[in-house]
Amino acid sequence: MSRIGKKPIALPKGVSVKIEGNTVTVTGPKGKLDTEVPHGIQVEQQDGHIVALRENDSQAAIHGLTRALVNNAVEGVTRGWTRELEIVGIGYRAEMKGKAIVVFSLGYSHPIEYPLPSGVEVAVDAKQTRLTVSGIDRQKVGQVAAEMRALRPPDPYKNKGVRYLGERLKKKVGKTGAK
């Protein structure tokens, strides 16, 4: 029984939904997103709400997933999604090269250039140690943030590297042989 799938999605002002076959197109002030609906799930618009309905109980898991994906699209076109990263380490920094490339200096022998996909924007603060990844597609924003973090994941011994803002790390103790 999917509790999430049963919840209706409220449509804010300025958001329009178009349902064609198995595609739901959500248009809002920030842009337009398409969401694919799997077989066996119907999406209907009822008096200012969107409701996901399933044919039978074998689609219970997909029911909740579909509702969540459509809800993420509605949130994205109204408010947008952001993910913040921080860079920790001496000499580690990031800077923008134009509008579509982020250049990272992460302690390697060369700078790393990361090209941004369309629909995703990155803002770097004045100290060059905090990045804000934003866009309307939640999956794209999360994927870009994960790929940036993977360029230099946090080290468990020194806690240096690229991490999500507020990410809690467990620091390991080093060698204990020196007396």
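The values are calculated or read from the model by the stated rules, or taken from the named source; none is laboratory data. For clarity, every value in this text was computed on a predicted model and none was experimentally measured. Every residue, glycine among them, receives a Cβ derived from its backbone with ideal geometry; neighbour counts consider all protein chains shown.
For the stretch 19-30, check the following and say yes or no: at least one residue is closer than 24 Å to Val122 by Cα, within 24 Å of the chain's Cα centre (by Cα) and not in a strand (DSSP E or B).
To start, the set of residues in the stretch 19-30 that are closer than 24 Å to Val122 by Cα comprises 26-30.
Now restrict to residues that are within 24 Å of the chain's Cα centre (by Cα): 26-30.
Imposing the further condition that a residue be not in a strand (DSSP E or B) reduces the set to 29-30.
Looking through the stretch 19-30, at least one residue is closer than 24 Å to Val122 by Cα, within 24 Å of the chain's Cα centre (by Cα) and not in a strand (DSSP E or B).
Quick grid of which residues meet (1) of a type outside the set (Ser, Thr, Tyr); (2) farther than 26 Å from Ala68 by Cα; (3) under 22 Å from the mean Cα position of the chain (by Cα):
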{"position": "Ala94", "(1), (2), (3)": "yes, yes, yes"}
{"position": "Ser105", "(1), (2), (3)": "no, yes, no"}
{"position": "Pro111", "(1), (2), (3)": "yes, yes, no"}
{"position": "Gly142", "(1), (2), (3)": "yes, no, yes"}
{"position": "Glu147", "(1), (2), (3)": "yes, no, yes"}
{"position": "Val173", "(1), (2), (3)": "yes, yes, no"}
Checked the stretch 37-47 for anything assigned to a strand (DSSP E or B) and out of contact with any helix residue (DSSP H, G or I) (no Cβ under 8 Å at 6 or more places or on another chain); matches are Gln42, Glu44, Gln45, Gln46
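Regarding Glu167, is this residue at pLDDT 95 or above and either more than 30 Å from Leu11 (Cα to Cα) or in the same structural domain as Thr27 (by TED's automatic domain parsing) (or both)? Break it down into steps so the answer makes sense when it comes.
Numbers: at pLDDT 95 or above: no; either more than 30 Å from Leu11 (Cα to Cα) or in the same structural domain as Thr27 (by TED's automatic domain parsing) (or both): yes.
Judged against the criteria, Glu167 is not a match.
Quick one: how many residues across the stretch 78-95 are of a type in the set (A, V, I, L, M, F, W, C) and either in contact with a helix residue (DSSP H, G or I) (Cβ under 9 Å, 6 or more places away or on another chain) or surrounded by fewer than 16 Cβ atoms within 10 Å (Cβ to Cβ) (or both)?
First, the residues of the stretch 78-95 that are of a type in the set (A, V, I, L, M, F, W, C): 81, 85, 87-88, 90, 94.
Adding the requirement that they be either in contact with a helix residue (DSSP H, G or I) (Cβ under 9 Å, 6 or more places away or on another chain) or surrounded by fewer than 16 Cβ atoms within 10 Å (Cβ to Cβ) (or both) leaves 81, 85, 90, 94.
So the answer is 4.
Is the stretch 122-139 home to any residue that is of a type in the set (Lys, Arg), surrounded by 14 or more Cβ atoms within 10 Å (Cβ to Cβ) and either on the phi < 0 side of the Ramachandran plot or not assigned by TED's automatic domain parsing to the domain that holds Ala10 (or both)?
Looking only at the stretch 122-139, we keep the residues that are of a type in the set (Lys, Arg), and these are 127, 130, 138.
Applying the additional criterion that residues be surrounded by 14 or more Cβ atoms within 10 Å (Cβ to Cβ) yields 130, 138.
Add one more test, that the residue is either on the phi < 0 side of the Ramachandran plot or not assigned by TED's automatic domain parsing to the domain that holds Ala10 (or both), and what stays is 130, 138.
Looking for residues that are of a type in the set (Lys, Arg), surrounded by 14 or more Cβ atoms within 10 Å (Cβ to Cβ) and either on the phi < 0 side of the Ramachandran plot or not assigned by TED's automatic domain parsing to the domain that holds Ala10 (or both), one finds at least one in the stretch 122-139, hence yes.
Pull up the stretch 35-78, narrow it to residues that are of a type in the set (Asp, Glu) and over 20 Å from the mean Cα position of the chain (by Cα), then point me to the one that is farthest from Ala10 (Cα to Cα). I'd like the intermediate steps shown before the answer.
As a first pass, look at the stretch 35-78 and keep what is of a type in the set (Asp, Glu): 36, 44, 47, 55, 57, 75.
Pick out the ones that are also over 20 Å from the mean Cα position of the chain (by Cα) and you get 44, 47, 55, 57.
Numbers: Glu44: 12, Asp47: 9, Glu55: 22, Asp57: 24 Å.
Result: Asp57.
Surrounded by fewer than 18 Cβ atoms within 10 Å (Cβ to Cβ) and outside any loop (DSSP other than H, G, I, E, B): does that describe Ser109?
It is false that Ser109 is surrounded by fewer than 18 Cβ atoms within 10 Å (Cβ to Cβ) and outside any loop (DSSP other than H, G, I, E, B).
Could you identify the single residue in Gly48, Gly28, Gly98 that is surrounded by fewer than 13 Cβ atoms within 10 Å (Cβ to Cβ) and outside the structural domain of Ser134 (by TED's automatic domain parsing)?
Every option except Gly48 fails the conditions.
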Flagged in the stretch 23-33 as closer than 16 Å to Arg67 by Cβ and without any contact (Cβ under 8 Å) to a residue 24 or more places away in the chain, in numbering order, are Thr23
